[in-house]
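Working notes for the structure below.
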Amino acid sequence: MVNAYIIPSQVVDGKNVDKPFKSWSVDEIRGAKYDFKAMNIIPSYLNYDEFFRVSACTTAKEMWDLIKVLRKLEEQGIQEYKTFWMQQGETIRDIQKWFTRIVNHLKGLGKVFEEEELNVKILKSLNRTWKPKVKIISETKDLISITHVELFGKLRDMKWT
């Protein structure tokens, strides 16, 4: 889609106002029909969350542009999630804030995570100074039965021996 559908208008008393439907040309009616069809087709290819985001759009072009923005935001969030890694000098609190922001952003865009996936991602993202603690947690805890919030709590509470 290159052009947005625009409701036909006319100038009345120096102001631009919408044309009454009865005075629309054949081409204007055809354009409205195409836009209406596109607006009914596009949602059938969207997931539940995307559907509700575009449901307030008034033209197919507006829907399409919003979908492109949402998809780009999702791609950026997924890339940020994939490259999430504990940097030198960061604390568990620091990475918890960063990780939670990334995950909440993706959840807001409709991404669904299993707790085990999040927990494994957290443990794999810790720098090598945490590897002995990661091994202990991995061997003693069922990563399915705890939430990632609980995991961060356990990591914060671990004493260095």
Give F51, F36 a once-over and let me know the one that is of a type in the set (F, W, Y) and over 18 Å from the mean Cα position of the chain (by Cα). F36
If you check every pair at least six apart or on different chains, which have Cβ atoms under 6 Å apart with a residue in the range 107-132 that is of a type in the set (G, A, S) first and a residue that is in a loop (DSSP other than H, G, I, E, B) second? G110/N47; S125/F84; S125/W85; S125/M86
So if I check each of F113, F99, which one is surrounded by fewer than 17 Cβ atoms within 10 Å (Cβ to Cβ) and among the aromatic types (F, W, Y)? F113
Close pairs (7 angstrom Cβ cut-off, 6 or more residues apart or separate chains): over 15 Å from E117 (Cα atoms) and in contact (Cβ under 8 Å) with a residue 60 or more places away in the chain in the range 78-90, of a type outside the set (D, E) and surrounded by fewer than 10 Cβ atoms within 10 Å (Cβ to Cβ) anywhere: none
Out of E74, E115, I need the residue that is touching a Ser or Thr at 6+ places or on another chain (Cβ under 8 Å) and acidic (D, E). Which one? E115
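Coordinate-derived values only; no laboratory data. What you are looking at is a predicted structure, and each value in this text was computed from that prediction instead of being measured. Counting neighbours? That spans all protein chains shown, and the Cβs are built from the backbone with ideal geometry, glycine included.
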